[in-house]
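J.: I have a structure I would like to understand better, so I am pasting it below and will then ask my questions one at a time.
Bear in mind that the values in this text are calculations on the coordinates, not laboratory data. What you are looking at is a predicted structure, and each value in this text was computed from that prediction instead of being measured. All Cβ positions, even for glycine, are placed from backbone atoms using ideal geometry, and neighbour counts span all protein chains on display.
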Amino acid sequence: MRRTLVLLTAAALTAAGFVALSPTADAASTLGAAAAEKGRYFGTAVAAYKLSDSVYSAILNREFTSVTPENEMKWDATEPSQGTFSYTSADTIVNRAIANGQKVRGHALAWHSQQPSWAQNLSGTALRSAMVNHVTQVATHYKGKIDSWDVVNEAFADGSTGARRDSNLQRTGNDWIEVAFRTARAADPAAKLCYNDYNTDGQNAKSNAVYAMVQDFKARGVPIDCVGFQSHFNAASPLPSDYQANLQRFANLGVDVQITELDIEGSGTAQATSFAATVRACLAVTRCNGITVWGIRDTDSWRASGTPLLFDGSGNPKAAYTAVLNELGGTTTSPSPSSPSPSISPSNPPSGSGCTATTSVNAWTGGFVVTVKVTAGAARITGWTVGLTLPAGSAITNTWSATASGSTFTNVGYNGSVAAGASTEFGFQGTGTAPSGTPTCTARQ
């Protein structure tokens, strides 16, 4: 099955050539196979609309033993109207992963962000009941197919207080996280149940608060099996010196720890060194059972301008890839893409300047989710504005990674700067009919 998904020319389809690319033939030649030899999985976040990209799919098939749907399992995607569930895009990812022998991490059942507009308009008992029903229905739909669920995502505030994040879910009562975990366990007893958050990678007020919650849950028998550490690193927020010790203290509570959304901005030796150190820390903690990078190629990343992943925009393995593979005990010779990437790479930018925007749409009767990719032209841009035309009667209800004014979208702070030929993404949800025209893109140089 995997052989048919890796696109090779007829001349190259020799026995020796296939052995070199098969994920099972050489147990130490890929990230997933090398991690498996260490008793761990190595996964990536996946977007359903990118699966038709042959280079993207070839790398996914070859390198990774676990997948996490990027947006397709979130509340706005799976229950766009109250009581009406939409699983098409998520099912595509899950069923494909199972057919390829890959684990699936479910992401995420309950989160303050990317809620459908109807849930945003609820509060109190009505919202609590809606959350319980949502967790029950989605976890039941995927029962037996999910290795681990991010049951609750990002429920603690940043800063020095260690407080819970003020959200509509939190305002239903301080026990809402416990209720979500108990509900998930009842719906799918076999899946591992995780709490997932960012800025908890080292010991600080936020991670201490999460630690106290997990400790309390374990003491009272609240079902929790794992804690996810997103691990988004850059120059302003580098890999903490106590990263391994922090993972270990959570593991000592009797839960697995997982690196769930790893990306490290940078390039060259510095980036490779940070990736290797992160992997080394996981390998040193017995209960760190897996690593997931948040995307495959730099151009697939939500922070594409920071080139934070293991493969460049054309699908070529970077120095960081080799460092990770070596750290896992694999070979140092990595495979190259099977065919030229349709994505634009920074080393081969399109002609002209400014920016372009393309859309992918997940639509259902009465609603839609649109993901927009913004690609810089021949020069780096420092900001962008994208305009679309909405069909009559349609309305936008929710936007992420952009600021919306009607159907015009402007970058937010972290994704305005985009390198030449590189890309970033934002998205929005709406009611009515999805836009179908080509969006406009205006760049600030």
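J.: Beyond 23 Å, what share of the Cα-Cα pairs of segment 107-226 is found? Please give it as a whole percent.
T.: Summing the P(r) tail past 23 Å for segment 107-226 gives 28 percent.
J.: Still on this structure: Given all pairs of different Cα atoms, what value in angstroms does the Kirkwood hydrodynamic radius of segment 178-247 take?
T.: After inverting the mean inverse Cα-Cα distance, the result is 13.2 Å.
J.: Work out from phi, with θ = phi - 60° and the Karplus expression 6.51 cos²θ - 1.76 cosθ + 1.60, the ³J(HN,Hα) of each residue of segment 62-79, listed in order in whole Hz, and give x for Gly and Pro.
T.: 7, 9, 10, 10, 8, 10, 10, x, 5, 10, 6, 9, 6, 4, 5, 7, 8, 9
J.: Let me ask something additional. I want to verify the translational diffusion coefficient of the chain in µm²/s; compute it with Stokes-Einstein, Rh as the Kirkwood radius over Cα pairs, at 4 °C and 1.567 mPa s.
T.: The diffusion coefficient I find is 58 µm²/s.
J.: Would you mind working out the magnitude of the charge dipole of the chain relative to its Cα centre, with +1 at each Lys and Arg C-beta and -1 at each Asp and Glu C-beta, to the nearest 20 Debye?
T.: Roughly 320 debye, rounded to the nearest 20.
J.: Right, next: For an R0 of 56 angstrom, estimate the FRET efficiency from the Cβ-Cβ distance between residue 284 and residue 125 and round to the nearest 0.05.
T.: According to the calculation, E is roughly 0.75.
J.: Extending each Cα 7 Å along its Cβ direction at residue 171 and residue 444, get the distance between those two points in nm, one decimal.
T.: Once both label points are built, they end up 3.2 nm from each other.
J.: Please list, in chain and number order, the residues 5+ apart from residue 106 or on another chain whose amide H is under 5 Å from its amide H, with Hs placed from the backbone.
T.: Sorted by chain and number, the residues that satisfy this are 147, 148, 149, 150.
J.: Set the bar at 19 Å for Cα to Cα. Now go through 143/192; 145/192; 103/206 and name every pair that lies beyond it.
T.: 103/206
J.: Please compute the Cα-Cα pair-distance distribution of segment 186-331 with 5 Å bins starting at 0, giving whole percents from short to long.
T.: Pairs per bin, as whole percents: 2, 10, 19, 22, 18, 13, 9, 5, 2, 0.
J.: Further, regarding this structure: Given N residues in segment 355-444, what is its alpha carbon radius of gyration divided by 2.2 N^0.38 Å?
T.: Ratio of Rg to 2.2 N^0.38 Å for segment 355-444: 1.04.
J.: Let me ask something else. Put a dot 7 Å past each Cα toward the Cβ at residue 212 and residue 51; how far apart are the dots in nm?
T.: The two pseudo-label positions are separated by 4.3 nm.
J.: Now for a separate question. Report, in whole Å, the centroid distance computed from the Cα atoms of segment 100-132 and segment 247-275.
T.: Using only Cα atoms, the two centres lie 26 Å from each other.
J.: Please give the Cα centre distance for segment 375-394 versus segment 183-222, rounded to the nearest Å.
T.: So the separation of the two Cα centres works out to 39 Å.
J.: If you add up the charges near residue 188, with Lys and Arg at +1 and Asp and Glu at -1, over every other residue whose beta carbon is less than 14 angstrom from its beta carbon, what do you get?
T.: Combined, the nearby Lys, Arg, Asp and Glu give +3.
J.: So what's the back-of-envelope 222 nm ellipticity for the chain, counting only DSSP H runs of four-plus at -39500 (n - 2.57) apiece and dividing by all residues, rounded to 500?
T.: After summing the helix terms and dividing by residue count, I get -8500 deg cm²/dmol.
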